[in-house]
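The values are calculated or read from the model by the stated rules, or taken from the named source; none is laboratory data. Here the structure is a predicted model, which is why all the values come from computation and not from measurement. Neighbour counts run over all protein chains shown; Cβ positions are idealised from the backbone, glycine included.
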């Protein structure tokens, strides 16, 4: 396999690992009080946002482009929510943990993902 043609999605482990990251992220958000402000921004039923985050991360990492095919802007989608620096920090921390909790994920890829996703979360602060 030519490493120049391998996407981060493939390097990560594809759909199964992306789903595992998303599942872990929402479990952390549900189970740990430290993510309370973040959890409060979501409805009780997380199935819709869980599917959306899975699609987004897959596309963002170079996998199936279904998120982008729907022409949804991540920034516009979050604009109506009161996103404080603390909420963005909670999101970033939970996502970093969800990524690092996955076995066999390349450490450099995990760090790069964590930093880029943290940048994205912080760019959504609107309060």
Residue 19 meets each of (1) touching a helix residue (DSSP H, G or I) at 6+ places or on another chain (Cβ under 8 Å); (2) assigned to a helix (DSSP H, G or I); (3) under 24 Å from residue 123 (Cβ atoms); (4) free of Cβ contacts under 8 Å to residues at least 60 places away in the same chain with one exception, condition (3)
Is it the case that some residue within the range 31-42 is closer than 15 Å to residue 120 by Cβ, under 14 Å from the mean Cα position of the chain (by Cα) and in a loop (DSSP other than H, G, I, E, B)?
no
Sole exception among (1) surrounded by fewer than 16 Cβ atoms within 10 Å (Cβ to Cβ); (2) at pLDDT 95 or above; (3) over 17 Å from residue 96 (Cα atoms) for residue 32, by number
(3)
It is to be established whether one or more residues within the range 38-45 are in contact (Cβ under 8 Å) with a residue 24 or more places away in the chain and within 19 Å of residue 81 (Cβ to Cβ).
yes
Which listed residue, of 112, 98, is surrounded by 15 or more Cβ atoms within 10 Å (Cβ to Cβ) and assigned to a helix (DSSP H, G or I)
98
Scope the range 56-95; condition surrounded by fewer than 17 Cβ atoms within 10 Å (Cβ to Cβ), assigned to a loop (DSSP other than H, G, I, E, B) and in contact with a helix residue (DSSP H, G or I) (Cβ under 7 Å, 6 or more places away or on another chain); matching residues:
62, 64, 65
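Conditions tested, residue by residue: (1) in contact with a strand residue (DSSP E or B) (Cβ under 9 Å, 6 or more places away or on another chain); (2) at pLDDT below 95; (3) within 18 Å of residue 109 (Cα to Cα).
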site: 17; (1), (2), (3): no, no, yes
site: 27; (1), (2), (3): no, no, no
site: 36; (1), (2), (3): no, no, no
site: 39; (1), (2), (3): no, no, no
site: 50; (1), (2), (3): no, no, no
site: 66; (1), (2), (3): no, yes, no
site: 69; (1), (2), (3): no, yes, no
site: 72; (1), (2), (3): no, yes, no
